[in-house]
Amino acid sequence: MNKYVHGYSQREAIRLNDQADSLASLIHFDSIWEEGSLILEAGCGIGAQTKTVAVQNPNCKFISIDISKKSIIEAKDLIDSKGIKNVEFQLANIFDLPFHDEYFDHIFICFVLEHLPNPDKALEVLKSKLKTNGTITLIEGDHGSTYFHPDSEYAKRAIQCQIELQQRNGGDANIGRKLFPILENAGFQEILVSPRQIYVDDSNPLWVKGFTRNTFTSMIEGIKEDAIKNELIDRKSMERGIKDLYRTAEGGGTFCYTFFKGKGIKS
Ligand SMILES: C[S@@+](CC[C@H](N)C(=O)[O-])C[C@H]1O[C@@H](n2cnc3c(N)ncnc32)[C@H](O)[C@@H]1O
């Protein structure tokens with residue numbers, strides 16, 4: 001991986017947990033595998049998704065891997081603190097996995113492909129580790145799907161900075177819309193992609209705080225200095241963009257974003 005756009009700070013760890021908690025019902029209500037399955041979670045980070053999928057599938061065993069040692073340690077602490085027993089963590093690289101071919105019943109990968117310069121290669125490697133008839137589940141966002149009220153050109157420019165920085169690092173912040181072709185190119189069958197739109201207004205204070213404020217706007221705020229340093233935007237405009245994004249989480253504001261969840265079978 002090139003430079004990871006979000007970094008591994010404590011603030012980012014809190015953001016990943018807020019993201020996972022506010023989204024759990026939307027993206028994980030159907031993250032269910034048959035009992036007894038051995039599942040690879042590729043790029044588990046600090047375990048923000050692990051803590052949901054492992055509890056939802058108590059009779060499956062998860063091997064959750066990440067390339068960051070710091071994240072693996074945090075993930076293990078989090079899962080241990082919750083008394084979850086069906087997860088084993090390993091430090092490993094998706095492109096050099098320490099498992100023999102056809103090792104896993106299923107694979108789960110969330111918010112990782114968007115950071116990789118070669119998602120097609122990642123799927124090729126992951127597919128080789130899947131048993132025949134095993135499934136892969138991908139979840140990704142798509143920053144191009146963002147719209148909100150009150151509308152703001154400054155906020156849109158701030159979001160565009162994130163998209164450009166991620167692109168410069170070899171990633172793709174608009175990858176959600178591409179999950180079907182990515183799965184198809186990798187040779188998966190029976191592909192099903194479903195958009196999961198998060199729509200936030202004042203009637204859902206949990207999502208106003210957990211998603212609009214602490215996940216999305218916090219993510220844009222997190223790249224503020226990088227965006228200015230890279231001369232993608234001037235400081236005043238960036239600060240106005242962030243302020244306008246926070247405004248969408250105040251009285252009368254609304255916020256929309258679409259995640260994509262894709263599944264395919266190795267036949
Ligand atoms: C945005 S985080 C998502 C973490 C977690 N899946 C979640 O949804 O909270 C992306 C994670 O992918 C990991 N990652 C990136 N490239 C990787 C690779 N080649 N092998 C394993 N992990 C990788 C990063 O270290 C980071 O923890």
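What the table shows:
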item	result
Net charge contributed by nearby residues that have their C-beta within less than 9 Å of ILE79 (K/R +1, D/E -1)	+2
Isotropic mean projected area of the C-alpha convex hull, the range 10-265 (nm²)	13.1 nm²
Distance between modelled label sites at GLU250 and PHE95, nm, 7 Å Cα→Cβ extension	4.5 nm
Extension gain (nm, one decimal) between ARG235 and TYR8, 0.36 nm per residue minus Cα-Cα	79.3 nm
Two-site FRET efficiency, HIS149 against LYS61, from Cβ-Cβ distance with R₀ of 45 Å, rounded to 0.05	0.50
Lys, Arg +1 and Asp, Glu -1 on Cβ, resulting dipole of the chain about Cα centre, debye, nearest 20	360 debye
The range 88-202, relative contact order [Cα under 8 Å, separation at least 6], %	29 percent
Residue-count net charge about GLU153 - beta-carbon cut-off 15 Å; Lys, Arg +1, Asp, Glu -1	+2
The range 62-144: GluC sites (Glu not before Pro) falling in loop per DSSP and having at most 16 other Cβ within 10 Å	GLU102
Residue with peak Gaussian network fluctuation, the chain [Cα springs, cutoff 10 Å], from ILE73, ILE46, ILE27	ILE73
Contour excess over end-to-end distance, with Cα ends at GLU35 and LYS85 and 0.36 nm allotted per residue	16.5 nm
Cα gyration tensor shape for the range 49-88, rounded if a/c is under 1.5, else prolate or oblate	prolate
Extension gain (nm, one decimal) between LEU26 and GLN197, 0.36 nm per residue minus Cα-Cα	60.7 nm
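Throughout, read-outs are computed from the coordinates displayed, never taken from laboratory work. The model shown is predicted, which means the values in this text are computed figures rather than measured ones. FYI the Cβ positions are ideal-geometry reconstructions off the backbone, even for glycines, and counts take in every protein chain you see.
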